[in-house]
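In what follows, a structure is listed as structure tokens, so that the remarks can point back to it.
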Amino acid sequence: MVVHNIVTDRLIIIPMTYSMVCTVLSGSTEEYKKLGVNFNGKWPLQDTLDILHFIKDKMKKTDADGFDVWMVAKKEDMTVIGDAGFKGAPNENGEIEIGFGLIKEEQQKGYGYEVASSLMEWASQKNIVKVIKADCLIDNIPSIKLLKKCGMNEIKRDNEFIYWEKFTIY
């Protein structure tokens, strides 16, 4: 399955391949120069590197299907400002979990909503996805507002996290 970039008003959201993940983990930017993206030295975040180390071997065994990591670049200058994605393909109940992270300098500008809503729309178009889930820290007010704006509903909370979901079919 070929997964295409998602283009929004201000962003290009690029599905990362195994080769791209290996390039980021090696500290090189050669693979990305071929794509025409620029780096400002603030991405990847440590959380991103941790995720890439975790999923690298899985990605080697499968084709990119869009249910892993996507790189987020500003359309105006193709500078990478973050990443987003899913924590794997849908489970047997059609559930996936979304996550996203932007460099600090690009937060609070509406990019998070643009990324999250676009990826949720992309996933909703896949017949195998029935529910999109997310979680955020209980005191992360910007993420709470963003998830609500994306149409997600709080389903539970504990002392640390709020858990969210959105049904893709009704």
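The values are calculated or read from the model by the stated rules, or taken from the named source; none is laboratory data. What you see is a predicted model; the values in this text were computed from it and never measured. Cβ sites come from the backbone with ideal geometry, for glycine too, and all protein chains shown count toward neighbours.
Checking each residue in the stretch 108-141 for being at pLDDT below 95 and in contact with a helix residue (DSSP H, G or I) (Cβ under 8 Å, 6 or more places away or on another chain) picks out only GLN108.
Scanning the stretch 36-49 for residues that are over 15 Å from the mean Cα position of the chain (by Cα), in a loop (DSSP other than H, G, I, E, B) and in contact (Cβ under 8 Å) with a residue 24 or more places away in the chain returns GLY36, VAL37, PHE39, ASN40, LYS42.
Screening GLY85, GLY41, GLY36 for residues that are within 24 Å of GLN108 (Cβ to Cβ) and exposed (fewer than 14 other Cβ atoms within 10 Å of the Cβ) leaves exactly one candidate, GLY41. In the stretch 18-35, what residues are of a type in the set (Gly, Ala, Ser) and either assigned to a helix (DSSP H, G or I) or under 18 Å from the mean Cα position of the chain (by Cα) (or both)? Matches in the stretch 18-35: SER19, SER26. Consider GLU105 carefully, then state whether it is touching a residue at least 60 places away in the same chain (Cβ under 8 Å), within 18 Å of ASN38 (Cα to Cα), among the acidic types (Asp, Glu) and not in a helix (DSSP H, G or I). No: the conditions fail for GLU105. Cβ separations smaller than 8 Å between residues 6+ apart or across chains give the following pairs from the stretch 54-66 residues that are surrounded by 18 or more Cβ atoms within 10 Å (Cβ to Cβ) to residues that are polar (S, T, N, Q): MET59/THR17; ALA64/THR17. Of all residues in the stretch 1-35, those satisfying the criterion of being polar (S, T, N, Q) and either touching a residue at least 12 places away in the same chain (Cβ under 8 Å) or over 14 Å from ALA73 (Cβ atoms) (or both) are THR8, THR17, SER19, THR23, SER26, SER28.
Among the residues making up the stretch 123-162, those that are within 17 Å of the chain's Cα centre (by Cα), surrounded by 14 or more Cβ atoms within 10 Å (Cβ to Cβ) and outside any loop (DSSP other than H, G, I, E, B) are ALA123, SER124, VAL131, ILE132, LYS133, ALA134, ASP135, CYS136, SER143, ILE144, LEU146, LEU147.
Selection of the stretch 50-91 for residues being over 16 Å from the mean Cα position of the chain (by Cα) and under 14 Å from VAL3 (Cβ atoms) yields THR62, ASP63. Assess whether GLY88 counts as being over 24 Å from MET120 (Cβ atoms), free of Cβ contacts under 8 Å to residues at least 60 places away in the same chain and not in a helix (DSSP H, G or I). Answer is no for this residue.
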